[in-house]
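Colleague: After the structure tokens below, expect a handful of questions from me.
Readers should treat all values here as calculations from the given coordinates under stated rules, not as data from a laboratory. All values reported here derive from a predicted model rather than from experimental measurement. Virtual Cβ from ideal backbone geometry, glycine too; neighbours counted across all protein chains shown.
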Amino acid sequence: MPFGKTRENCAIAMNNEYHDADRVEKPVPDFPTAVVRDDRIGLLNKSNWLFLALTAACLGFALYLGYTSTVPDGELITVHFADGHGLKAEDALRFRGITIGQVEEIRLRDDLAGVDVDVRLRPDGEAVAREGSVFWVERPQLSLSRMSGLETVVGAKYLGVIPGPADAPQSSEFAGQENPPRLRQSSDVSVLVRFKDGSGIESGDAVKFRGVIVGEVSDVRLDENFQFVEVRAQLVDRAKVLAQTGTVFWVERPKVNFRDGIRGLETLVGGKYLALMPNPSDGLAQTEFEGAEKPPTNWQDWTPFSRIGDAWSKDEKNPADAMSGEGEEVNDRPARRVLGRIRETIEALDDAVN
Amino acid sequence: MSGFKACHCCGLVHRMPTLGIGKVAVCSRCDTPIHRQRAAGKSTLPTAAAALGAFILFWPAILLPILDIERLGHHHESSIVTGTIQLISEGSWFVGFVVLLFSIIFPLLKIMMLLELSVLGLFHRKHRAVTYRLMESAGKWSMMDVLLLAFLVMLIKVGSLVQFQVGPAIFAFVLCVAMSMLASLMFDPHAIWEDA
């Protein structure tokens, strides 16, 4: 074994050096020769290219990482708000409960008139950057009729969005809404109602028809001449067909009346709402209305005298369409005539009583 | 290759036989490889390549976000550098400087010295010994791998309290640690005086 041999060799070397010092010629000490083997990691040693490739791979990976994390891949949009509401960079933009973007920067406007929020959209959320999209800062809302955004009391604020119509053109500048909308659906129709008196209605209040929320008040303001209160409301889903000529809007508020009894008591606690009664006959699509100061009489007995919705596009599936589609044409003309006569009679009686 | 070489493990001096390509001379007493014959090029090339790779990966590893912590909806992204700066600015001087020294400065120093020894050769030959000794001692204190371990421990321990995701820098960091280890593993001190 090499071990024993080596020790022998060493002993010889030492002998040569120290004990045979009296000899005349000094021979070179006899060192052992190193053992030659096959290099087990020979592959690494043989190829220079392997190492250069390794370095190149490192460089490539570093560049890739640098590129993907510094060059943003989504679109940048700007939303203008009057108030930042504690929003800060890195807060999320959420749609349908998931994050589709991130606030990149918040700047105060040069004229101090508001803040500009830059939002970097994720590639899959870029579709919300179209005209008509509504943005708001989600924050706690607590009132008798409404409680929302409670997760933002402790947690981070976030931006919410309702995308505009699907065929709207792309846009990158938006005006944010100050209040979170109550109805988280995209609106099809926006109507403008002019009232002599605002009666305390405010943005965020509901639009109800037969006690069901069909829309939302999005804006309340005085007109240019301080002559009217302009109430802008969004109607959603099928309710958009209610925006037609002859539809009456009024602000529902508590009222004690001998004829109708006590009504609108729920608005004492639940807040005011905008009520509407559609035109009983076919009307044309319309988006501007004069608001009524008091509710029309017997409005709850209202029956459609013809199929409503014809004024608006036909793509909306309503039950009447489905029925006629199956070939069972409902011939309700006589019934309508009878109802119309009854209604006229009632109105005549009303007049007589008054 | 003739001449004598001492085994750097047990110190026994050997006569060097002529080596063919892909052969390695090992110590006759303790089996430690003393000298290996490469096909072509400087014998420092593997070290140089690995050290260069580590040097390239070092920058994304410390500059890009390594952790994305989310607590109660608040996002916080931090890289090693910003995290260290934050530690120091928040008054944790000791911890901040420990991280700065042992996770940023020493590893960088080690990688750069390996590069200098294996490929650059900026210093005079007689200073190389100093550089080598400095590299050896700096290498002992470069603790990127320890930091990596700390991250792993944190992932397991704090994972249930806050939500967090690792950022892109973690991959660069792991690779950088591996490359710098590879470089120092393959570094042959004899090669310093081989040429010139």
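Colleague: Running a GNM on chain B with Cα contacts under 10 Å, which residue among B:M16, B:M181, B:M112 ends up with the highest mean-square fluctuation?
Modeller: Of the options given, B:M16 has the highest mean-square fluctuation.
Colleague: While we're here: Set the bar at 30 Å for Cα to Cα. Now go through A:K157/B:K157; A:K88/A:K240; A:K157/A:K272; A:K88/A:K208; A:K157/A:K294 and name every pair that lies beyond it.
Modeller: A:K88/A:K240; A:K88/A:K208; A:K157/A:K294
Colleague: While we're here: Which one, B:F55, B:F151, B:F102, has the greatest fluctuation when you compute a Gaussian network model over chain B with C-alpha springs under 10 angstrom?
Modeller: B:F151
Colleague: Looking at region B:1-40 from every direction and averaging, what is the projected area of its Cα convex hull in nm²?
Modeller: 2.6
Colleague: Right, next: Explain nothing, just the number: relative contact order of chain B, from Cα pairs under 8 Å at least 6 residues apart, as a whole percent.
Modeller: It rounds to 27 percent for chain B.
Colleague: Could you please state, rounded to a whole Å, how far the C-alpha centre of region B:139-176 is from the C-alpha centre of region A:97-142?
Modeller: When both Cα centres are located, 33 Å separates them.
Colleague: In which sequence would B:T131, B:T47, A:T68 go, from the one with the fewest C-beta neighbours within 10 Å to the one with the most?
Modeller: Listing B:T131, B:T47, A:T68 from fewest to most nearby Cβ atoms yields A:T68, B:T131, B:T47.
Colleague: Helix-derived [θ] at 222 nm for chain B: sum -39500 (n - 2.57) over DSSP H runs of at least 4, divide by residue count, nearest 500?
Modeller: Mean residue ellipticity at 222 nm (helix-derived): -15500 deg cm²/dmol.
Colleague: Taking the beta-carbon count within 10 Å as an exposure proxy, list A:E126, A:E216 from fewest neighbours to most.
Modeller: By the 10 Å Cβ count, ascending, the order reads A:E126, A:E216.
Colleague: Okay, moving on. Enumerate the helices in chain B for which the Kyte-Doolittle hydropathy averages 1.6 or more and the C-alpha atoms extend at least 27 Å along the helix's axis, using complete DSSP H runs.
Modeller: Taking the DSSP H segments of chain B (at least 27 Å long, mean hydropathy at least 1.6), we get B:45-63.
Colleague: Now for a separate question. Under the Karplus relation 6.51 cos²θ - 1.76 cosθ + 1.60, θ = phi - 60°, what is the ordered set of whole-Hz ³J(HN,Hα) values for region A:223-236, x standing for Gly and Pro?
Modeller: 6, 4, 9, 6, 9, 10, 9, 9, 10, 9, 9, 9, 9, 10
Colleague: Here is a further query. List the residues whose amide H sits under 5 Å from the amide H of A:G291, counting only those 5 or more places along or on another chain, with H placed 1.01 Å from N in the peptide plane.
Modeller: Distant-sequence amide H within range of A:G291: A:R194, A:F195.
Colleague: Could you work out the mean count of beta carbons from other protein chains within 10 Å of each residue's beta carbon in B:18-30?
Modeller: Taking the mean over all residues of the peptide, I get 6.
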